[in-house]
Structure formats: C-alpha cells, structure tokens
Amino acid sequence: MEKHYLQYLASGYDRGAVLEELMAEYGNDVWNFAYFLTKRRDAADDIAQEVFLAVYNRMYTFRGESSLKGWILAITRNKAINYLKGSFIRKVVLGTGWQKEKDMEPSSASAEQVALDREASRQVWEQVMKLPLKYREVVVLAFHYELSMAEIADSLHISEGTVKSRLHRAKRRMEALLKQSEKEGI
C-alpha cells in the first residue's frame, strides 16, 4: 500500500527525510523505468538522480490527483524522454544494444525450473525492449509497475483509450516478435 506523504509537507518538516523515504521506496522503480526507456545503465543512473532532485524541488506541488508512484514515474518518463531527445544520444548512442539485466533471486522452485523461468523472462523482456518507446512504456507501466489504466494515462498525459490501444498493439507486436524469435531458435 502506498504511503501518503502529503501530511509530512507541513511547514518546518524535514524535506530531506521525506526525500530519503521516497528514494528508499521508489528508487529501484525509478531506475528500472529509466533503464527500460533508455536501454542504458549510465543514463538510468543520471535520470534517477535528476528525478529525485525534481521531486525534492517540487515536493509541495504534488496535489494527490494521481498516485505518488504515478507522479514520480511521470517525472521519470519526462526526464528519460528529454534524455533521448538530446542530440548526443540521437547521433552517438541510439545504435547500441541492450545489456542483460541481473537475474532475480531464485524462489523455492527447482534449480531447473528457476533457470527455465529466468530464460523465458529474459527472452520476453528482450522482445519488450525491441518495441517502440510508446508501446514499451505502457507495457512496463502496466505489467512491471502494475499501474491502472487511469494512472498510466495520467503519467503519460494521454487518454485511457490511447493507453488501451497502445497496450493492445504492444501485445500484438510482442506476439509476433516472440513467434519470430521461436522460429529463429533464439
């Protein structure tokens, strides 16, 4: 359950303490979303720092019209989009490939099952990373961060209908990419 931080923002409260709590709770989500959007670890590091600096500076502007998580992820998206629009990134970096994420901790399943699950998950996320940004971001927000259609629409500043449409198209593209990957034996 998401904590409600508005009560802490009264005059005289230590904003630094609130920021530390927000970073502890949402830091991984911010970094991962920035990484999903940019496909670069160094960019995700920089963006995460920029996001929490913006959160600190705009803390009093959060009105509670969306979830706190949605608000922070919207800031993350905007910072990542700005990064991707930079001339350096367009000219030099966009051609680089995606690097593999670290594997998740194993559960109580057998070692073979854990290995198969990791490989399947890796293959799916590799295909997600091949989607155009507008589809990739709705997939990540919906399936990884489990935001509602309304929260995604609010975070991306688009209508819920557009979110549903993009999600539907992303699923169709994912099916095609996964079938192609199977045919190629990847």
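Read-outs throughout are calculated quantities, based only on the coordinates presented, and are distinct from any laboratory measurement. Note that the coordinates shown come from a computational prediction; the quantities given were computed from them, not determined experimentally. Positions of Cβ are backbone-derived with ideal geometry, glycine not excepted, and every protein chain shown enters the neighbour counts.
At 7 Å along Cα-to-Cβ for each site, give me the label-to-label distance between Ile81 and Arg41 in nm.
Taking the simple label geometry, Ile81 and Arg41 are separated by 2.8 nm.
About the Cα centre of region 32-90, how large is the charge dipole given +1 on each Lys and Arg Cβ and -1 on each Asp and Glu Cβ? Please answer in debye to the nearest 20.
200 debye
So, in Å, what gap is there between the alpha-carbon centers of region 30-79 and region 135-186?
20 Å
Run the numbers for Gln123 and Arg15: contour at 0.36 nm per residue of separation, minus the present Cα-Cα distance, in nm.
Stretched fully, the Gln123-Arg15 segment lengthens by 34.8 nm.
Using the structure shown, list the pairs from Lys130/Lys171; Lys85/Lys164; Lys39/Lys164 with a Cα-Cα distance above 22 Å, or answer none.
Lys85/Lys164; Lys39/Lys164
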